[in-house]
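Report on the structure given below.
The values are calculated or read from the model by the stated rules, or taken from the named source; none is laboratory data. Being a predicted model, the structure only gives us computed values, none of them experimental. Here the Cβ positions follow ideal geometry from the backbone for every residue, glycine too, while neighbour counts run over all protein chains shown. Surface areas here come from the heavy atoms of the whole protein model, side chains and all, with no ligands, DNA or RNA. Shrake-Rupley method; radii C 1.70, N 1.55, O 1.52, S 1.80 Å.
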Amino acid sequence: NAGVTQTPKFQVLKTGQSMTLQCAQDMNHEYMSWYRQDPGMGLRLIHYSVGAGITDQGEVPNGYNVSRSTTEDFPLRLLSAAPSQTSVYFCASTTRGVSSYEQYFGPGTRLTVT
Amino acid sequence: GIQVEQSPPDLILQEGANSTLRCNFSDSVNNLQWFHQNPWGQLINLFYIPSGTKQNGRLSATTVATERYSLLYISSSQTTDSGVYFCAVVRGTINEKLTFGTGTRLTIIP
């Protein structure tokens, strides 16, 4: 099991460029999420998905798009990068039990927008 | 939205010491979780604890939902416990909509 993988690990973009952050999980989890972490802060939810074909917005969705065509993959698209999107991005997948709930996080993508 | 406050913001301890980290939240919650982010940035889920007490080795957590706080206890600290500890809560019914606190940075000195 590779768990949750993210690519790339690092990326530098110029203002106005677009790109896709990749996230994949091999645990057959239905639930997946994208977060951003800014310096000295906790994580903030960007978008989440409760299954293939179903996505919804989190706390800070502006400037980002997602889609979920398969259970395994949940890419995050930056439409027109802005310096305010400089951050570390984490993807997570979630397993649920009757009285349990656990997220598995990817290693993160550090994005700098100049 | 719901506010999540963690204290203390920073904590420096000698190896072997015990510590208590606190998480206060401003409204009733359906989900509360504790996470550890190690110095290399990796995030690990520690506890799912909307109420009651749980223990896992040297770590334990207690949530008193009626008084809107949760505590994370770390006993006999080791250097590998260093990092940032986050509390995160869910106000509604969608458990993916976590709101994170700003964390407690724990540094364990050998």
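Restricting the search to the stretch A:21-54, which residues are surrounded by fewer than 14 Cβ atoms within 10 Å (Cβ to Cβ), more than 12 Å from every other protein chain (Cβ to nearest Cβ) and either assigned to a strand (DSSP E or B) or touching a residue at least 24 places away in the same chain (Cβ under 8 Å) (or both)?
A:ASP26, A:ASN28
Taking B:LEU72 as meeting all but one of (1) within 14 Å of chain A (Cβ to nearest Cβ); (2) surrounded by 21 or more Cβ atoms within 10 Å (Cβ to Cβ), write down the number of the exception.
Checking B:LEU72 against (1) within 14 Å of chain A (Cβ to nearest Cβ); (2) surrounded by 21 or more Cβ atoms within 10 Å (Cβ to Cβ), the one that fails is (1).
Return the only residue of A:SER100, A:SER69 being polar (S, T, N, Q) and farther than 26 Å from B:VAL84 by Cβ.
A:SER69
State whether one or more residues within the stretch B:94-105 are more than 10 Å from chain A (Cβ to nearest Cβ), under 14 Å from the mean Cα position of the chain (by Cα) and open to solvent by 60 Å² or more (accessible area, probe 1.4 Å).
No, every residue in the stretch B:94-105 fails to be more than 10 Å from chain A (Cβ to nearest Cβ), under 14 Å from the mean Cα position of the chain (by Cα) and open to solvent by 60 Å² or more (accessible area, probe 1.4 Å).
Answer yes if at least one residue in the stretch B:27-42 is open to solvent by 60 Å² or more (accessible area, probe 1.4 Å), touching a Gly at 6+ places or on another chain (Cβ under 6 Å) and in a loop (DSSP other than H, G, I, E, B), and no otherwise.
yes
Does B:GLY16 satisfy the criteria of being at positive phi, in contact with a strand residue (DSSP E or B) (Cβ under 7 Å, 6 or more places away or on another chain) and either surrounded by 20 or more Cβ atoms within 10 Å (Cβ to Cβ) or not charged (D, E, K, R) (or both)?
No: the conditions fail for B:GLY16.
Return the residues of the stretch A:55-97 that are in contact (Cβ under 8 Å) with a residue 60 or more places away in the chain and within 14 Å of chain B (Cβ to nearest Cβ); say none if nothing qualifies.
Within the stretch A:55-97, A:TYR89, A:PHE90, A:CYS91, A:ALA92, A:SER93, A:THR94, A:THR95, A:ARG96 qualify.
Which condition number in (1) modelled with pLDDT of 95 or more; (2) part of a strand (DSSP E or B) is the one that B:GLY16 fails?
(2)
Please return the ranges of strands (runs of 3 or more DSSP E) entirely within the stretch A:55-114 where 2 or more residues are open to solvent by less than 20 Å² (accessible area, probe 1.4 Å).
A:76-78, A:87-96, A:101-105, A:109-113
Restricting the stretch B:44-53 to residues that are in a strand (DSSP E or B) and within 12 Å of the chain's Cα centre (by Cα), which is surrounded by the most Cβ atoms within 10 Å (Cβ to Cβ)?
B:PHE47
Have a look at B:ASP27, B:ASP81 and point out the one that is out of contact with any Ser or Thr (no Cβ under 8 Å at 6 or more places or on another chain), touching a residue at least 12 places away in the same chain (Cβ under 8 Å), among the acidic types (Asp, Glu) and over 17 Å from B:GLY1 (Cβ atoms).
From the options B:ASP27, B:ASP81, the qualifying one is B:ASP81.
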